[in-house]
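Single-structure report; data block below.
The values are calculated or read from the model by the stated rules, or taken from the named source; none is laboratory data. Remember, it's a predicted structure, so these values are computed and weren't measured experimentally. Cβ: placed from backbone, ideal geometry, glycine included. Neighbour counts: every protein chain shown.
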Amino acid sequence: MTVPSPLRLKSSAGRGVLFATILASGMAFLDGTIVNVALPHIGADLDSSVAGLQWTINGYLLTLAAFVLLGGSLGDRLGRRKIFIIGIVWFTIASLLCAIAPSIGTLIGARFLQGAGAALLTPGSLAIIQASFQEDDRGKTIGLWSGFSGISTALGPFVGGYLIDALSWRWAFLINLPLGAVAVLAALRWVPESRAPREENTRFDVTGAVLAALALAGVTFALIEAPDDGWGSALVIGALGIGVACAVAFVVVERRKGDAAMTPPALFRSRVFSILNLYTVVVYAALSGQSFFLAVTLQNVAGYDAFQAGLATLPATVLMLLLSARSGDLATRIGPRWQLTLGPIVAAVGVILLRRVGPDTSYLTDVLPGVLLFGLGLVILVAPLTTAVLGAVSQQHSGIASGVNNAAARAGALIAIAALPLLVGLSGESYEVPAELTSSFRSAMLWCAGLMVAGAGMALVFCGRLPKVHWHRAVTTMTTPTHSAHPVHETTEA
């Protein structure tokens, strides 16, 4: 079933569809920024270790990364509006469970559920716009979706910080309840149902999604638990073994399924596409690691409250909102290689400057310069990365290629948040000890800067022949955005 009469943006029905998709996706983006700021409060209130905070972020990322492509397939097959609404309801109920969690274990379980809901919700936003609007209105509509979603991202840190300081960290999740209710009503009222054409409606790879989830879960569990249990622990060894075995099985199964696979092997016949996804893992690992450590360090070492910690990183988001479209336009003129090389280097310099954060931090000299350079680096690299990924595959594969690249970004974030505390010796309740957290934070920033430089090297060496891709194509073919702890990727790709 397809939409019989494509909508115009200026019509009341068109504005209603845009409102529903913006509200739902904005709810997910807002949640990510607030949860990062809330981590120290969650840890103190629920008596959590570092591992508990890691799982608070990674539980969400794991189910989102593993199931987002399956969520898109469900929408194509069963109806995009139906799966979109189910995703909103699921996400909202899981948010309530997060808000009332009496222990860190219960919160983590609810975050797993929340990520699964987001995997149903997030692919639907742009897919609905793609299917619902007339072709000459799609670019402008997605531009508006991107801009308003970006506003929700920008509002997240200080609105969330205010609620957390004034009320409780539980409001980081309770705020989703009224937003979710209005989003469901708007979707029921205005969003038309649509499905992919029957001949295109074949990719439904539950086995691949489950194997991907188990692979990520096994490796993540081993990395998070190793500092406390030791690498010789039977539990850690078993989890790592299961993760590796499932990763191998995933590759075998996907190869056998061919074009029906969740991640068609044909995509990876392009060496450039493979390199770009590895680049994405590396760069987004650095991005997420920096966000995770900085939010906690600003509060537990520098003495910021949640509102101040959220506000501290706002300049980077503002830069993204103001300059990303120009960065994308530049990539269409000169090709993305040099921006993919320069962007991580600029971001790495910003990360190095953030190592100055400590007990006597001055925002103007110790935080703001690093935040601005880090944000500028992201401006330079994020939009060209989207155009490069789309340019590395045929146009018929652009939708799934975008989805795979977003999953790669989530996987990078997942691994970074699991591995960095292990690498820098942060475990137990040491995040509550300023001296220990400061030392770990500064070491973590070195790792993040190193990852950014490694990404720059990959782009310089392997991306010399990247084709130029028109920015309009990057807009109109991006149908599977996802959400992360740091939602820059979603809000700027469109």
Quiz item: When you go through Leu287, Leu267 one by one, which is the residue that is in a helix (DSSP H, G or I), modelled with pLDDT under 85 and in contact with a Ser or Thr (Cβ under 9 Å, 6 or more places away or on another chain)?
Solution: Leu267
Quiz item: Of all residues in region 1-57, how many are within 20 Å of the chain's Cα centre (by Cα) and either closer than 18 Å to Val184 by Cβ or outside any helix (DSSP H, G or I) (or both)?
Solution: 11
Practice problem: Return the total of residues in region 406-438 being assigned to a helix (DSSP H, G or I), under 30 Å from Phe67 (Cα atoms) and of a type outside the set (Val, Ile, Thr). | Solution: 16
Quiz prompt | Residue in region 308-320 that is farther than 23 Å from Ala38 by Cβ and of a type in the set (A, V, I, L, M, F, W, C) present | solution = yes
Quiz item: Mind checking which pairs have a first residue in region 426-450 that is farther than 25 Å from Val346 by Cβ and at pLDDT below 90 and a second that is among the polar types (S, T, N, Q) and not in a helix (DSSP H, G or I), Cβ under 8 Å, 6 or more apart or different chains?
Solution: Ser427/Ser49; Gly428/Ser49; Glu429/Ser49
Quiz item: When region 238-259 is examined, which residues are found to be over 25 Å from the mean Cα position of the chain (by Cα) and at pLDDT below 90?
Solution: Val252, Val253, Arg255, Arg256, Lys257, Gly258, Asp259
Exercise. Identify, from the list Val371, Val357, the residue that is at pLDDT 90 or above and under 21 Å from Ala325 (Cα atoms).
Key: Val371
